[in-house]
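Derivation of every value follows stated rules applied to the coordinates shown; laboratory data play no part. All values reported here derive from a predicted model rather than from experimental measurement. Glycine also receives a Cβ, built like all others from the backbone with ideal geometry; neighbour counts cover every protein chain displayed.
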Amino acid sequence: MTAISCPSCSAPVSVEDRFARLVVCGYCGQTCYVTDGRLDPTGKVGKLTEIPSLFRVGAKGSLNGESFTAMGRIRFSYQGGFWDEWLLFFKDGKVVWVEEDEGELIMHAKTRLTSALPEVSSIKVGSIIKVNDSNLFVTEKVTATLAGAEGQLNFTFVPGEPIVCIDGNAGGAIWSIEATDSEILISKGTVLENGAITIAGNE
Amino acid sequence: MNNFSVRTLKCPHCSAPLRVARSDSTTYSCGSCGSVIDLSTEAGKVIGSVPKKYSKPFSMLKLGARGRVAREEIEIVGRLAYEADIWEWDDEDGEFCNEGKWRFDEWLCVTQSGAILFLAEDSEGMMISRNFTPVAPELPKRPAAWTGVDGTQRRIREYGDSKLVYFEGEFSWAPTIGDRSQYVETDPYPVISIECNLDDTGQPEEIEFFSSEPIERLDLYRMLGLKEAEAVEAQTVRDNRSWVVWGGVFIGLAVFLVLSGLFLGRVSGTRLFEQTVSLSSISQDGYSMGPIQLDSKGSIYELRLSMSMPVNSSAYGVVELTDEQMEPINAVEHDFWHETGVDEGERWTESDLSQSLYFKLQEPGIYNALVSVEEVGGASSVNQQGTATVIVYKGIILERYFYFAAGIAILLAISTIRYKKFNPVFGLLGLLTIAWIIYQASDDDD
């Protein structure tokens with residue numbers, strides 16, 4: 001763990017994982033890229049409204065029996081509301097995102113894209129697109145922005161940047177595509193059953 | 001995760017208490033004044049309002065009701081009211097028929113674990129619906145048939161365009177009056193439906209799959225501990241059973257009356273008197289038969305005149321029933337005929353050789369039958385070969401009264417089924433009328 005001062009308010013900001021690429025100052029909300037052990041300020045994001053959740057930043061727990069630490073959270077906002085995604089770091093270095101939406105927890109694993117995607121703007125809800133070897137039925141397409149974040153994240157983003165979020169189903173799995181002008185992230189999700197996650201102190 | 005972390009707020013507009021059960025709710029529509037409140041800010045700002053036109057639900061369900069439903073603890077936290085333009089599959093026509101505007105509600109429920117389920121309700125009943133992720137999702141390509149998401153051949157029974165017209169309670173999104181969606185419902189049970197939410201430009205924004213099963217309102221009230229609603233619904237169920245039972249009773253009664261009329265009309269009556277006379281024996285003053293002892297006042301008698309005539313002849317026949325002073329008290333008169341011929345190589349024979357009169361006896365006594373026959377014309381002479389037979393029956397039951405009574409029973413059945421309600425007053429009056437008519441069937445004054 002490395003303690004660095006926030007370039008905006010000088011509060012101590014701890015960088016706890018070597019994969020951390022972005023941290024959000026818990027005091028002033030300053031987002032900073034983590035570059036060569038230094039914090040480069042990029043902009044501020046709104047502090048997240050406290051909404052009761054299973055998780056909290058720094059909480060330790062287990063997912064299907066494997067221990068993790070909740071390192072960060074981001075909140076996406078769109079016309080119809082918002083959803084949160086929690087970044088979980090596991091001891092073996094594995095990283096998992098858990099989406100928390102409408103009381104449902106969906107575990108997302110980043111997936112490498114092995115074939116070309118159609119132009120994102122051309123993807124329609126109700127259509128079927130080829131993603132790797134799967135035929136993905138597109139169930140939702142919204143444009144969201146990052147409404148807030150906390151903790152440490154393993155990727156960089158620009159607050160306020162529009163993100164096209166596409167959800168779909170293939171073979172009973174939930175797929176998610178998040179596309180910005182500079183990057184497309186694809187993940188495959190699984191709905192977590194009750195009791196799949198336990199958080200220390202919440203039992 | 002326990003999502004029943006209830007907090008109570010006051011409506012910033014009307015100060016009505018607002019119960020917020022979900023931790024992630026961002027919008028609240030006050031059921032009292034219709035104000036829409038933004039819950040994502042501490043201040044809870046009013047950001048709009050909903051019209052109250054569609055605020056009345058179909059049932060006595062209400063926000064805040066909690067109980068164990070479908071093996072889960074749930075709480076009703078919101079209601080979305082829709083108006084839809086719907087098309088239903090018509091088996092007889094073999095096509096979808098527009099059923100016009102249809103109203104339905106979706107009660108938003110949150111489970112103890114935070115999951116969402118819906119109680120969809122319209123004037124015909126209620127379904128419990130859950131969102132699911134299909135293994136093989138697809139949209140129907142043909143109007144009626146659809147290989148559904150579960151690998152079974154499904155049939156689209158209904159589709160429509162719906163528009164949000166009212167909402168109350170808490171939501172984790174921001175509903176807006178006028179939000180549009182399209183839906184498809186398929187058979188068999190459990191009903192699988194597809195809902196496609198449209199954006200402001202009418203383009204699909206989100207597609208969701210739901211699995212739904214019917215649930216009785218009475219069971220739901222019981223599960224949610226809504227005692228008053230349970231009592232009202234139980235009465236409604238009793239009323240519903242009552243109209244079904246009584247509708248069946250009236251139909252059964254009508255069938256019974258028709259069959260009884262057919263049967264009794266043929267077997268009723270005791271032959272009191274029968275005499276046959278050759279037409280050649282009948283003088284111009286007639287031929288007197290008797291005596292006939294008629295002694296049952298009030299009983300229905302039948303006086304029948306039957307003729308036996310050669311083919312291609314016709315005659316006018318009269319039989320008068322006369323009392324001891326030879327005064328006629330009743331008479332049968334009729335044109336009798338018997339014809340035959342050949343039409344397109346086929347021989348045909350038609351005749352009208354019998355006529356009856358039904359009467360109720362006024363005075364018991366000894367009576368006679370005076371028969372007279374007048375030849376009307378034809379190729380054959382009736383006088384040489386014909387006979388006239390007078391028969392008197394006692395205790396006749398008139399079948400036509402059974403048909404009148406059956407008609408009343410059918411009217412009672414139609415009104416009971418049409419209005420789905422058994423009216424005890426009309427029912428009793430109808431049954432009394434039927435009883436009176438049946439009594440008259442054997443006690444007639446014709």
May I ask you to list the trypsin sites (Lys or Arg not before Pro) in the stretch A:92-162 that are in a DSSP loop and have at most 16 other Cβ atoms within 10 Å of their Cβ? A:K94, A:R112, A:K124
How far is helix B:399-418 tilted off the main Cα axis of chain B, in degrees rounded to 10, range 0 to 90? 10 degrees
Taking r as the C-beta separation of A:I184 and B:D122 and R0 as 35 Å, the FRET efficiency to the nearest 0.05 is 0.25
Sorted by chain and then number, the residues having a modelled amide H within less than 5 Å of the amide H of B:L61, at least 5 places away or on another chain, are none
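Arranged from highest to lowest average of other beta-carbon atoms within 10 Å per residue, in what order do the peptides A:22-31, B:394-403 appear?
A:22-31, B:394-403
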Let me know the mean shielding of A:120-126 by other chains, meaning the per-residue number of their Cβ atoms within 10 Å of its Cβ. 3
Is the C-alpha gyration tensor of the stretch B:289-446 telling us rounded, prolate or oblate? Criteria: a/c under 1.5 is rounded; beyond that, a/b larger than b/c is prolate, otherwise oblate. oblate
Quick one: what are the phi-derived ³J(HN,Hα) couplings along the stretch B:81-97, Karplus 6.51/-1.76/1.60 with θ = phi - 60°, whole Hz, x for glycine and proline? 9, 10, 10, 10, 9, 10, 10, 10, 6, 10, 4, 5, 7, x, 7, 7, 10
Kindly provide the pair-distance distribution of the stretch A:63-203 built from C-alpha pairs, with 10 Å bins from 0 and whole-percent values in order of increasing distance. 11, 42, 36, 11, 1
Amide H within-cut-off set for B:H334, under 5 Å, with H built and near neighbours excluded: B:G317
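If you keep only loop residues by DSSP, which trypsin sites (Lys or Arg not before Pro) in the stretch B:282-389 have at most 11 other Cβ atoms within 10 Å of their Cβ?
Here the trypsin sites (Lys or Arg not before Pro) that fit, given the DSSP loop and packing criteria, are B:K297.
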List the pairs from B:K163/B:K421; A:K91/A:K130; B:K10/B:K45; A:K141/B:K101; B:K101/B:K227; A:K124/B:K101 whose alpha-carbon separation is above 22 Å, in the order I gave them. B:K163/B:K421; A:K91/A:K130; A:K141/B:K101; B:K101/B:K227; A:K124/B:K101
Other chains' Cβ within 10 Å of B:206-216 residues: what's the mean? 2
For the stretch B:234-284 and the stretch A:143-203, what is the separation of their Cα centres, given in Å? 78 Å
Potential extension, B:K360-B:K10 segment - 0.36 nm per residue separation minus Cα distance: 117.7 nm
Using alpha-carbon coordinates, inclination of helix B:424-441 to the longest axis of chain B, degrees: 10 degrees
Could you give me the ³J(HN,Hα) list for the stretch B:155-166, computed from phi with Karplus coefficients 6.51, -1.76, 1.60 and θ = phi - 60°, whole Hz, x at Gly and Pro? 10, 6, 9, 7, 9, x, 10, 10, 9, 6, 10, 6
Per the beta carbon screen (other Cys under 4.7 Å), unpartnered cysteines of chain A come out as A:C32, A:C165
In degrees, nearest ten, helix B:227-267 long axis to first principal axis of chain B (Cα): 20 degrees
Work out how much length B:V311 to B:V237 would gain on full extension: take 0.36 nm times their residue separation and subtract the Cα-Cα distance, in nm to one decimal. 19.9 nm
Between the DSSP loop rule and a limit of at most 11 other Cβ atoms within 10 Å, which GluC sites (Glu not before Pro) in the stretch B:2-96 are left? B:E42, B:E92
On alpha-carbon atoms, Rg over Rh for the protein assembly as shown using Kirkwood Rh? 1.33
Please give, to one decimal in nm, the separation of the simple spin-label points placed at A:E16 and B:E213, each 7 Å out from Cα toward the Cβ. 4.3 nm
Would you please give the FRET efficiency between B:A136 and B:N98, computed as 1/(1 + (r/R0)^6) with r the Cβ-Cβ distance and R0 = 41 Å, to the nearest 0.05? 0.85
Cβ neighbours within 10 Å from other chains - mean over B:131-139: 6
The lysines whose Cα lies under 22 Å from the Cα of B:K360, excluding any fewer than 8 residues away in the same chain, are B:K297, B:K394
For chain B, what is the mean residue ellipticity at 222 nm derived from helices alone (per DSSP H run of n ≥ 4: -39500 (n - 2.57); sum divided by total residues; nearest 500 deg cm²/dmol)? -7000 deg cm²/dmol
